[in-house]
Protein chains: 2
Amino acid sequence: MEKQKPDLEWLFHPRSIGVIGSARMDKDAQKVPHSFYFTVSLRSMNYRGPIYVVSRSRPSDVYGGEGVYRSIPDVPDPLDHVIVCTPAHAMPGVLEDCVRKGVRSAAIFSSGFEESEDRQGARLQDEILEIARRGNIRVIGPNCMGLYCPETGLNFRADLPNNPGVAGMISQSGGMAIRTIFQGTEKGVGFSKVVSYGNEVDLQSWEILDYLAQDEATRLILVYIEGTRDGRALLRSLKEASGRKPVLLIKGGLCAEGRRAASSHTGAMAGSDHLWQAMLRQTRTHPVRDVSELLDTAMTFYFLKRPTGRRIALMCISGGLIVNYTDLAVCHGFEIPAFAPDTKKALDEVIHAPGTSCANPIDMASLFFSNRIYAPMFEALDKDTNTDFILFIIAMEYVRGLEYQYKVSVQQIVEAFLEILAKVQKPFVVVIPPSIEEECRLAVERALLKARIPTFLTMDGALRALSARIEDPRQDAVSR
Amino acid sequence: MEKQKPDLEWLFHPRSIGVIGSARMDKDAQKVPHSFYFTVSLRSMNYRGPIYVVSRSRPSDVYGGEGVYRSIPDVPDPLDHVIVCTPAHAMPGVLEDCVRKGVRSAAIFSSGFEESEDRQGARLQDEILEIARRGNIRVIGPNCMGLYCPETGLNFRADLPNNPGVAGMISQSGGMAIRTIFQGTEKGVGFSKVVSYGNEVDLQSWEILDYLAQDEATRLILVYIEGTRDGRALLRSLKEASGRKPVLLIKGGLCAEGRRAASSHTGAMAGSDHLWQAMLRQTRTHPVRDVSELLDTAMTFYFLKRPTGRRIALMCISGGLIVNYTDLAVCHGFEIPAFAPDTKKALDEVIHAPGTSCANPIDMASLFFSNRIYAPMFEALDKDTNTDFILFIIAMEYVRGLEYQYKVSVQQIVEAFLEILAKVQKPFVVVIPPSIEEECRLAVERALLKARIPTFLTMDGALRALSARIEDPRQDAVSR
């Protein structure tokens, strides 16, 4: 089977959208209808075209003053894209209406298809596919969240960020898409297009992947996938996409129990672990374990040029922590070599307080609180020929305890070294492990991320992410 | 060499304390002297005996109205314990004064001994040992934070918690001790006694370990160790301690680079990784990688009775997350078996909304927001004969998005299930991975920890900690 040329650009530019599904408020459960959420989401992202709500039941007043239509044919204008929330059994009728109306694409939110235990679900899913093919309408899902594209205002949750970035994502799970978008936004990773595609009845993961590989707005591709109906097509697309752009992938359903869960989640045939591993090895895809690792790794591609190797210039305020983290770094295959003689000489001139050590790793001890140290230290480390990147560890428990003693706040320290870092050429990352006063840690983390410095919660997370970044041949940061 | 019977109880009950070191404020650097911090720390913990500050320099006014003496002989009353912050070169003179004064123990905060590059440091350290042996004074350190014991008011940082717990700790690093105490307190793990022992010139790690093994106030022992001068004694003590109580250990300096860092940190001879691994295998000690893993594991001993096996009843609001976490659980050697028929029947009656699955893992979907579900669900899972413990995953990004729809706050849900959990016999743990609105996650985490439910930031962390808890033969939670 020859793959058709992917051209899904139109999918992200609908001129009008219909939201199909009950608009009635469930008064007993005080439950707002799903269709309302999609409508609100589109409005919140400033989707520019008209939005038509279609509901047979009397609409609740939550929709405000805009009109609600009783059926698709009643909608007075053309519909390009629809989001469907009606119960599964009503789906064939809704889709037939869509075909007649000339709808080009439908994202089916509703569940109750192949993933359900009910046999009727699988039959309904087959019916959907038949209508889609016959009627020339592209169906996303069912059992999915559909399309997110800040540029054109497509959205599936009102609280998703409306500023676009350069990461694209395909996710078989709506939840994993939402989690990734939110956590990514916290980490400074923004999104170009995200497609949650669920049961994958018509629109296939490989088609979206092909599109993202060619999409100029997308420079990094994140993938959550549980299974596929066409392993060969997916392999070909992964090969091509990962050849063009960094691709990071979580595979759901690696073990038998996970596959069982995946089957009741998206009806996916997940395939064995070995098969997937063998498949991924034929591509440049970076496999990751979970969303945290996905975004730790995404940060390194987003913000860092590729480190020239695995030699770390490591520093911390705490001697014990630096010993422990040096061990972890070596476990992960990194080196903490002695600095070059010139570096050593330069550091010797500035690091000579009691309890400090200016060998690599640098034990900064109380010098952490000395603003003056950062300029000469980072300048020396930037020039050091024995190390490839700088990893700075902030131990918040010291910051708290010693602020009073050294009359300097952590914000001042962070500002001081951000100013200096602007001149540093070497890749630079920060690890701030959880401690007391997490609120304070979050403030520091956000300040660093705002300055586009990858900031990690765990040393393990940082090291795994940096490994992927270094293994990947691409030199430049994908953003900017 | 026969080990002497450990009897260090007196060490934690000094009747008076001297803080020795410059009391002069460094006006240029606006730096408050270290001795001030120890004095403030002891006062903040309501240490009941008198505290005498000894300083040759004129004291700064930061000490308030209390008297400062120019030398140890000037102190008008007996001194049981001293904390010494004077420069390394002055140490022999200070210790000789202490011996003459009849001081029983000295914690030496100052650095500049064997850990320094200066040869004079090693010589000074030998001199300290000689004076300690001859003068019958027990020396802790040098290059350490010394003693923390909330019960008797011993303290080395004013902001350490003053409520005792049942975890004891020996730490070669003061920083790792502080980090562990703070992070432990956040997790609900409190401390009986903590000894930061640094360069270990006189008082040995194995002596403190022997003491903690016998101490009735201590029921769980945490260890951070970089090296030892007497591997056989330490092995014997680890065997005995881990036979009596759960012992969790971080080894610093496992790799050559880590050993180099350890050597400039505490002057420790760290020993090779293989040697340590072989040694630990002869004991029941649980090796852990870092402080986060130490406390994740500590929580399971602190709060959980031992699960009867590795079979998890797993549940989450998000289908994709549960598929992914099921994979991680299986990777870690856990099982997610089908529920027993009675359980399945009971769950079928309550879990039947669209998108849910009541097989194991349970995909709660929107039922997460239904308060009514928790009582019958947990009751059924508690009785289930096919699973050993319950692992509940909270995905904060759903909580935020859907609160409006379901008219229930996450606090209400947490309260609802805490009330029900009070009746559940099976071990129960929660994982809340980082998401958006970390402040909200922290609030939920704190509410759960307050109710003594181990709550983890990562699935990996939870699974590693639970593995250690299950491997350990001890049945009861160490607290209460």
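Descriptive notes on the structure:
- Taking 0.36 nm per residue of sequence separation and removing the Cα-Cα distance, the A:ALA375/A:GLU151 pair yields an extension gain of 76.7 nm.
- Between B:GLN425 and B:ARG281, the contour length at 0.36 nm per residue exceeds the alpha carbon distance by 48.6 nm.
- Close amide-amide hydrogen proximity is noted between A:ALA106 and A:VAL82, A:ARG138, A:VAL139, A:ILE140, each under 5 Å apart and 5 or more residues distant or on a separate chain (H modeled in the peptide plane; Pro and chain starts excluded).
- Relative contact order [Cα under 8 Å, 6+ residues apart], region B:114-164, whole percent: 18 percent
- Accessible area (Å², 1.4 Å probe, nearest 10) - B:ARG70: 150 Å²
- Close amide-amide hydrogen proximity is noted between B:VAL431 and B:PHE392, B:ILE393, B:ILE394, B:PHE456, each under 5 Å apart and 5 or more residues distant or on a separate chain (H modeled in the peptide plane; Pro and chain starts excluded).
- Within the accessible surface of chain A, defined with a 1.4 Å probe on protein heavy atoms only, the carbon and sulfur portion equals 50 percent.
- Cα gyration tensor shape of the protein assembly as shown, rounded if a/c is under 1.5, else prolate or oblate by comparing a/b with b/c: prolate
- FRET efficiency for the pair B:GLU437 and A:ALA340, taken as 1/(1 + (r/R0)^6) with r the Cβ-Cβ distance and R0 = 41 Å, rounds to 0.35.
- Using a cutoff of 8 angstrom between alpha carbon atoms and counting only pairs six or more residues apart, the relative contact order for chain B works out to 11 percent.
- Taking every protein chain into account, the accessible area of region B:331-442 amounts to 38 square angstrom per residue (probe 1.4 Å).
- Charge tally around A:LEU347: other residues with Cβ under 14 Å, Lys/Arg +1 each, Asp/Glu -1 each, net -4.
- Among the residues of B:431-443, the average count of other protein chain beta-carbon atoms within 10 Å of the residue beta-carbon is 4.
- A probe of 1.4 angstrom, applied to the heavy atoms of all protein chains, finds A:TRP10 with accessible area near 70 square angstrom.
- Rounded to the nearest 100, the interface formed by chains B and A buries 6300 square angstrom of accessible surface, both chains summed, with a 1.4 Å probe.
- The Cα center of region A:110-171 and the Cα center of region A:341-381 differ in position by 54 Å.
- Cα shape, region A:148-267, gyration tensor, a/c 1.5 rule: oblate
- Gyration tensor (alpha-carbon) shape descriptor, chain A, a/c threshold 1.5: prolate
- Chain A, helix-only ellipticity at 222 nm - DSSP H runs n ≥ 4, -39,500 (n - 2.57), divided by all residues, nearest 500: -12500 deg cm²/dmol
- Too-long pairs where the Cα-Cα distance tops 28 Å, listed order kept, from A:LYS187/A:LYS251; A:LYS187/A:LYS345; A:LYS187/B:LYS187: A:LYS187/A:LYS345
- Simple spin-label estimate for B:ASN386 and B:ALA90 gives 7.2 nm between the two label positions (7 Å along the Cα-to-Cβ direction from each Cα).
- Using the Cβ of A:THR266 as centre and a radius below 9 Å, the other residues enclosed give a net charge of -4, where K and R count +1 and D and E count -1.
- Taking Cα atoms only, the orientation of helix A:371-383 departs from the longest principal axis of chain A by about 80 degrees.
The values are calculated or read from the model by the stated rules, or taken from the named source; none is laboratory data. Note that this is a predicted model, so its numbers are computed, not measured. All Cβ positions, even for glycine, are placed from backbone atoms using ideal geometry, and neighbour counts span all protein chains on display. For the accessible areas, the whole protein counts, side chains as well, though only heavy atoms, and no ligand, DNA or RNA atoms are used. Shrake-Rupley method; radii C 1.70, N 1.55, O 1.52, S 1.80 Å.
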